[in-house]
Amino acid sequence: MPPRAKAPSLPRTRRTPAAVLTVALVVALTVLTLVSVGSGAYAIPLTDVLDSLLHRAGLGGAPLDRVGESVLWDVRLPRVVLGALVGASLGCAGALMQGMFGNPLAEPGVIGISSGAAVGAVASIALGLSFLGDWTVAACAFTSGLATVLVVYVLSRSGGRTEVVTLILTGIAVNAFAGALIGLFLFFADNAALTQITFWQLGSLAQATWPKVLAVLPCALIGLLLAPRYARRLDLLALGERPARHLGVDVERLRLALVLVVALLTAAAVAVAGVITFVGLLVPHLLRMAAGPGHRFLVPGSALGGAVVLVAADLTARTAVAPAELPLGVLTALIGSPFFFWLLRRTRRRQGGWA
C-alpha cells in the first residue's frame, strides 16, 4: 500500500479567517445563550442571570427568587442547551454529508435520515404507542432514523462498493416511500393525533427538559467527538475517489463510518426536536465560503455555527410574536430558503459554480 500522504494544507490566507471565525462563533454562542435565558414572558436581567450561574457554580453570586430560579434552570436553560446540541448536531452532520458527497448541496435528509425518523415518530403517535411513556415518540424516531439509513446503505451496495450517485438515488426513493408511509398514518390518525403529528413535524424546542437534554447528549457528544477525526480523510477525498485511494484512504470504509456518524447526529436531533431544515445545508456552505474548504475547521466550525443559528432561531421563534410561538422548523425554512437562493445566485455569479 502506498505511504499515507499528509492532507493538503490550506494557504496561510485561509487559516487566519478560520481562527477569527472560531472565536467569533464562540463569543456569539455565549452572548446568545445569556440573552436567550433571560428573554421571554418572565424577563430576567443579565446581571441576575450571571449571579445565578455563578452561585450554582460555587463562585459567589446570589440565587434569584423562587420563580426566577425555576424559570431560569427548569425552563430556559434546558431549552437553550438542547437547542445548542441539536444545532451543533445538524450543522456537523451537514458538513460531513457535503464532504462525503463532494457537493455543498448535500444535507442529512438526502439519505433519508430525517424522513425515516419522521416515520417512526408519526407511527408512534398515530398508533397511540406508549410503551416508554413520554419517551416513546423520541425512541421510535431515533430507532427508525438509524434503521432507515442502514437500509439505504445496504440497498446502495453493489459488488462490495457504494457509489455516491447510487446512494443519493436510493435516498430519494426511500424519502418518497417514507413520505407515503407518513401520509398513510396521517390518513388513519384521529384529530388529536393529527394535531400532535403536525406540531412535531414543524419542529420545536418547546418541550425541552433536562431529561431530554441528557437523552440526546450521549449521541451528540459521540458524533461531535468522532466527526473531526475524519477531517484529514475528507480533505483527501475532495481530490477524488481514485486519488484518495492512492493516498491511503479506504473510501468505502470512510463512507460507511461517515454515514453512521451522520445518522447518529441527525436521528438524535430529529427525535427530540422534530424536523428542522436548512441548518445542515446553509451553515457549512457559509463557513466554506468564508474560510475555505478545509475540513479541519469546517467540521467543528459547522457544529459551532449550527448551535449559534438554532439558539438564535429559537430565541426569535418564541419572542417575535409573543405570547405565541412560531414553529422552529417553519422559521428556519422561511429564512433559509430565500437566503439559500441568494447564496446560489451569488456563487454562480462570482465563481461560476459552487465553491
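Just so you know, all these numbers are worked out from the coordinates, no wet-lab data involved. On a predicted model such as this, the values are computed, not experimentally measured, just so you know. FYI the Cβ positions are ideal-geometry reconstructions off the backbone, even for glycines, and counts take in every protein chain you see.
Only one residue of ALA106, GLY248, LEU169 has its Cα farthest out toward the positive end of the dipole of the chain, where Lys and Arg carry +1 and Asp and Glu -1 on Cβ, and that residue is GLY248. Across segment 245-355, the mean sequence separation of Cα contacts (distance under 8 Å, 6 or more residues apart), normalised by length, yields a relative contact order of 26 percent.
Cα-Cα pairs above 25 Å in segment 79-191: how many percent? Write out the running numbers ahead of the final one.
Details: 1868 of 6328 pairs.
Of all Cα-Cα distances in segment 79-191, 30 percent exceed 25 Å.
Taking a ≥ b ≥ c as the square roots of the eigenvalues of the Cα gyration tensor, the chain is oblate, since a/c reaches 1.5 or more and a/b is not larger than b/c. Given +1 at the Cβ of Lys and Arg, -1 at the Cβ of Asp and Glu and no other charges, the dipole of the chain around its Cα centre is 1800 debye to the nearest 20. The helix-only estimate of mean residue ellipticity at 222 nm for the chain, built from DSSP H runs of length n ≥ 4 each weighted as -39500 (n - 2.57), is -24000 deg cm²/dmol after division by the residue total. Using +1 at the C-beta of Lys and Arg and -1 at the C-beta of Asp and Glu, which of GLY301, ALA313, VAL283 has the Cα lying farthest in the positive direction of the dipole of segment 223-314? Among GLY301, ALA313, VAL283, the one farthest towards the positive end of the dipole of segment 223-314 is GLY301. Applying a length cut-off of 27 Å (Cα extent along the axis) and a mean Kyte-Doolittle floor of 0.0 to the DSSP H helices of the chain leaves 12-38, 77-101, 136-156, 164-188, 251-273, 295-319, 328-351. The longest part of the chain holding none of the exposed loop trypsin sites (Lys or Arg not before Pro), meaning those outside H, G, I, E and B in DSSP with at most 15 other Cβ atoms within 10 Å, is 7-355.
Based on the alpha-carbon gyration tensor of segment 71-134 and its eigenvalue square roots a ≥ b ≥ c, which shape applies: rounded if a/c is under 1.5, prolate if not and a/b is larger than b/c, or oblate? All intermediate terms of the calculation are to be shown ahead of the outcome.
Working: a/c = 4.24, a/b = 1.25, b/c = 3.38.
Oblate is the answer for segment 71-134, as a/c is 1.5 or above yet b/c matches or exceeds a/b.
To the nearest µm²/s, what D does Stokes-Einstein give for segment 169-236 at 37 °C and 0.692 mPa s, using the Kirkwood radius over alpha carbon pairs as Rh?
Details: Rh = 15.7 Å.
In µm²/s, the coefficient rounds to 209.
Seen through its C-alpha gyration tensor, with square-root eigenvalues sorted a ≥ b ≥ c, segment 13-145 comes out oblate because a/c lies at 1.5 or above while a/b is not bigger than b/c.
Please report the relative contact order for the chain, taking Cα pairs under 8 Å with a sequence separation of at least 6, and give it as a percent rounded to a whole number.
Numbers: 538 pairs, mean separation 104.7, N = 355.
It comes to 30 percent, rounded to a whole number.
In nm, what is the difference between 0.36 nm times the number of residues separating VAL165 and LEU194 and their Cα-Cα distance? Can you show the working numbers first?
Details: separation 29, 0.36 × 29 = 10.44 nm, distance 3.57 nm.
Separation in residues times 0.36 nm, less the Cα-Cα distance, equals 6.9 nm.
Hey, what does the equivalent ellipsoid look like for segment 185-284, semi-axes from the Cα gyration tensor as sqrt of 5 times each eigenvalue, largest first, whole Å?
Semi-axis lengths for segment 185-284 are 36, 16, 11 Å.
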